[in-house]
1. Rounded if a/c is under 1.5, else prolate if a/b beats b/c, else oblate: with a ≥ b ≥ c from the C-alpha gyration tensor eigenvalues square-rooted, which is the chain?
2. If a/c stays under 1.5 just call it rounded; otherwise compare a/b with b/c (prolate if a/b is bigger, oblate if not). Do that for segment 30-126, with a ≥ b ≥ c from the square roots of the Cα gyration tensor eigenvalues.
3. E126 to A13: extension gain in nm, 0.36 nm per residue of separation minus the Cα-Cα distance?
4. In whole Hz and in residue order, list the ³J(HN,Hα) couplings for segment 92-98 that follow from phi through the Karplus curve 6.51 cos²θ - 1.76 cosθ + 1.60, θ = phi - 60°; x for Gly and Pro.
5. So how tilted is helix 263-273 from the main axis of the chain? Cα-based, degrees 0 to 90, rounded to 10.
6. Which of the peptides 54-60, 30-36 is most tightly packed, and how do the rest follow, judged by the mean count of other Cβ atoms within 10 Å per residue?
7. For the peptides 213-221, 311-319, what is the packing order when you average, over each peptide's residues, the other Cβ atoms within 10 Å and list the highest mean first?
8. Please turn the phi angles of segment 328-344 into ³J(HN,Hα) values with the Karplus equation 6.51 cos²θ - 1.76 cosθ + 1.60 (θ = phi - 60°), one per residue in order, whole Hz, x for glycine and proline.
Amino acid sequence: MMETDAGTLPLHALNPFMPGAGKQPPELVGRAQDLALMERMTTRTKLGLLDRGVIYSGLRGMGKTVLLLKLGAMAAEADMATVQIEANGDAEAEYDELFREISLAVMRVRKADMRRRLSDVFAHVESISLDFVFGSAKVELGGEAATKRGVQTSSYRLELLIEGLSEELRKEGSGLFLFVDEFQDMSAEVMATLIVVQHKMGQRNLPFYIIGAGLPNLPGVLTKSRSYAERLFEYRVIGRLDDAAVADGFQKPANELGYAFDDEALSRLVELSTGYPYFIQAYGKAAWDAADSNPITVAAVRRGEPVARAELDRGLYISRWQRATPLGREYLAAMAAIGESCTSAQVAKRLNRSASDLSSIRLSLIELGLIYAPERGRVSFTVPGMDEFIRRSEPVENQLHDSAA
């Protein structure tokens with residue numbers, strides 16, 4: 001195993017590549033426009049100028065979570081109040097997480113005077129009561145009473161809280177930035193509330209912004225919730241990186257440690273990764289661990305290829321395959337036999353079933369986040385390379401069905 005220049009550590013101990021959900025890569029490549037967009041938003045907020053929220057959509061493995069975390073860090077460094085949540089489809093749990101994370105955002109505010117004023121907003125919201133139109137029932141906010149009235153109470157409470165915090169933050173040239181991952185999975189109640197609040201805050205010239213990320217169907221989900229959502233946000237697609245960005249994703253981290261991939265190795269890595277950020281980390285890690293020279297050669301890349309494929313299988317494919325029921329797996333296998341994207345009619349024909357007979361299976365796979373409908377009558381895998389995995393590994397039908405995965 002090749003050692004470092006200092007002769008103290010083997011090369012693999014310095015490996016900068018690390019595949020994993022949401023892990024910050026050593027080099028965030030190909031996202032310069034998105035970073036510039038966040039810088040513009042924070043600058044405008046300091047000047048008291050409004051902007052739109054931003055929605056990112058794309059397949060899994062594209063680095064959406066990583067990008068949200070980076071943008072959140074940039075906003076925090078610019079003295080914005082930042083909140084990070086992940087949608088899960090349970091309205092009560094999502095409201096609880098929102099209130100908890102907003103309270104933590106207030107605690108992280110550096111200026112003591114601003115922190116006190118923001119805390120006063122919390123106290124005010126907790127102390128007031130609302131008369132609901134339905135039944136004219138008076139409801140004390142907070143504690144068991146809020147839970148008893150359920151998510152309807154939380155909706156009012158959240159709007160009052162965001163409004164009060166945004167008013168105070170505006171006085172200091174700051175704003176409230178809410179980063180939502182897996183936005184397409186959010187409960188209909190909470191999603192509608194957030195869209196309405198974003199709309200109202202814009203009308204009142206208050207600096208509250210939703211920065212969301214999710215699967216390719218996210219824009220449609222948002223506009224279905226509230227039609228005016230299409231005008232509330234700037235929509236950006238997170239797609240494959242171009243070859244130059246992919247090459248930088250491999251070469252720059254290596255160069256920073258005094259190493260490099262030779263031209264042939266780099267060319268092979270670019271080919272293998274096919275523009276997907278998660279693949280860069282998997283193949284980069286495997287090639288680095290297999291290396292015994294500097295620069296790292298294509299021989300090391302080829303030795304690492306089966307290791308990287310196994311990493312991708314574990315990290316992206318196997319658990320998702322196990323989430324599907326046996327009938328769901330039949331549907332996925334039929335899709336894979338056709339290709340990465342196909343029509344519902346093609347799947348039905350391959351399974352000798354009518355499309356209407358398969359509609360419930362199709363819907364369950366969409367709800368599990370395994371496939372999505374890019375357009376009416378079509379279905380595609382949400383994970384790049386899932387079709388190739390199914391064809392390559394030919395998973396057996398008696399493989400464990402893990403409904404909790």
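The values are calculated or read from the model by the stated rules, or taken from the named source; none is laboratory data. Everything quoted here is computed from the prediction, not taken from an experiment. Every residue, glycine among them, receives a Cβ derived from its backbone with ideal geometry; neighbour counts consider all protein chains shown. For the accessible areas, the whole protein counts, side chains as well, though only heavy atoms, and no ligand, DNA or RNA atoms are used. Shrake-Rupley method; radii C 1.70, N 1.55, O 1.52, S 1.80 Å.
1. Working: a/c = 2.32, a/b = 1.34, b/c = 1.73.
Here the chain falls in the oblate category.
2. Oblate is the answer for segment 30-126, as a/c is 1.5 or above yet b/c matches or exceeds a/b.
3. Fully extending the segment from E126 to A13 adds 35.6 nm.
4. Residue by residue, segment 92-98 yields 4, 5, 5, 4, 4, 5, 4 Hz.
5. The two axes meet at around 50 degrees.
6. Order by mean packing, descending: 54-60, 30-36.
7. Numbers: 213-221: 21.0, 311-319: 17.9.
The peptides rank, most packed first, as 213-221, 311-319.
8. So the J values, rounded to whole Hz, are x, 5, 4, 5, 5, 5, 5, 4, 4, 5, 8, x, 5, 9, 7, 9, 4.
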